[in-house]
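One structure is given here, and the rest of the page talks about it.
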Amino acid sequence: MHRKLLPLALAATMSLPTLADEAAVIKKAVETKLARTVTSVTKTPYLGLYEVYVDGQIVYTDEKVSALLIGALVDGKTMKNVTDERMQKLTAIKFADLPLALAVKQVRGDGKRVFATFEDPNCGYCKKLAKDIAKLENVTIYTFLYPILSPDSLEKSNQIWCATDRAKAWNEWMIEGKAPGGKGDCDTTAVKKTIEMGRKLAITGTPTIFFADGERIPGAIPIAKIEQRLAQTK
């Protein structure tokens with residue numbers, strides 16, 4: 001009797017859809033509904049929901065894609081923002097792949113602690129960040145000029161890039177409000193390449209910070225948080 005049931009049980013098991021099958025179905029359905037490319041589909045341990053990463057955003061849905069949920073998913077036990085944690089992992093990069101030659105470089109002290117930022121010269125939050133990170137010691141900062149707010153942002157970025165001392169020109173404008181005096185008529189290919197790179201990395205706002213471990217944090221964060229992250233990525 002058991003011998004007869006075994007093949008039937010095996011057949012039933014083999015006919016069950018795998019997670020990969022379910023993910024493929026969900027991927028196709030979401031792409032059809034949103035007309036966007038889905039990068040990944042991952043099952044979560046919450047309410048049978050699937051995490052769908054699409055166009056730099058996390059969307060949650062069930063196996064039948066009967067509804068799409070957009071917003072923060074919070075763990076009921078730990079009260080941690082699951083969505084934020086996943087976004088940090090999904091948007092992380094390989095820091096070594098950043099073309100650092102395209103950035104304005106500042107070295108203070110031993111320069112051992114490293115991070116990079118994408119900033120627009122007319123971004124108010126970027127100016128706040130500039131004033132905060134001016135207090136950091138023993139750090140190397142790579143600032144990518146990412147003028148996405150206005151034509152004037154592009155003009156100022158070009159002027160800063162063409163300055164004899166780029167770091168000085170950047171800090172004088174961002175911290176002191178002293179407009180860059182250069183004409184911006186040098187080779188500004190670096191600024192153009194930074195804009196292209198920022199779009200590929202789906203950077204939609206400034207400032208955006210990348211730490212040495214590849215973690216991305218959008219927005220101006222408190223100096224204490226920066227110090228904490230730098231200590232963790234030594």
* Can Asp132 be described as more than 19 Å from the chain's Cα centre (by Cα), open to solvent by 70 Å² or more (accessible area, probe 1.4 Å) and in contact (Cβ under 8 Å) with a residue 12 or more places away in the chain? -> no
* Counting residues that are surrounded by 15 or more Cβ atoms within 10 Å (Cβ to Cβ) and charged (D, E, K, R), which strands (runs of 3 or more DSSP E) fully inside the range 38-82 reach at least 1? -> 50-54
* Among residues of the range 199-215, those that are modelled with pLDDT under 95 and over 19 Å from Lys112 (Cα atoms), counted -> 7
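Hey, could you check the range 175-211 for residues that are open to solvent by 100 Å² or more (accessible area, probe 1.4 Å) and within 27 Å of Lys89 (Cα to Cα) and say which is farthest from the chain's Cα centre (by Cα)?
Residues of the range 175-211 open to solvent by 100 Å² or more (accessible area, probe 1.4 Å): 176, 178, 183, 185, 187, 192-193, 196, 199-200, 204.
With the extra rule that they be within 27 Å of Lys89 (Cα to Cα), the set shrinks to 193, 196, 199-200, 204.
Details: Lys193: 18, Glu196: 15, Arg199: 11, Lys200: 11, Thr204: 9 Å.
Within the range 175-211, the match that is farthest from the chain's Cα centre (by Cα) is Lys193.
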* Could you tell me whether the range 182-189 includes any residue that is closer than 16 Å to Thr117 by Cα, in contact with a helix residue (DSSP H, G or I) (Cβ under 6 Å, 6 or more places away or on another chain) and of a type in the set (S, T, N, Q)? => no
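The values are calculated or read from the model by the stated rules, or taken from the named source; none is laboratory data. All values reported here derive from a predicted model rather than from experimental measurement. Positions of Cβ are generated from backbone atoms using ideal geometry, with glycine treated the same way; all protein chains shown enter the neighbour counts. These area figures cover heavy atoms from the full protein model, side chains too; ligands, DNA and RNA do not enter into them. Shrake-Rupley method; radii C 1.70, N 1.55, O 1.52, S 1.80 Å.
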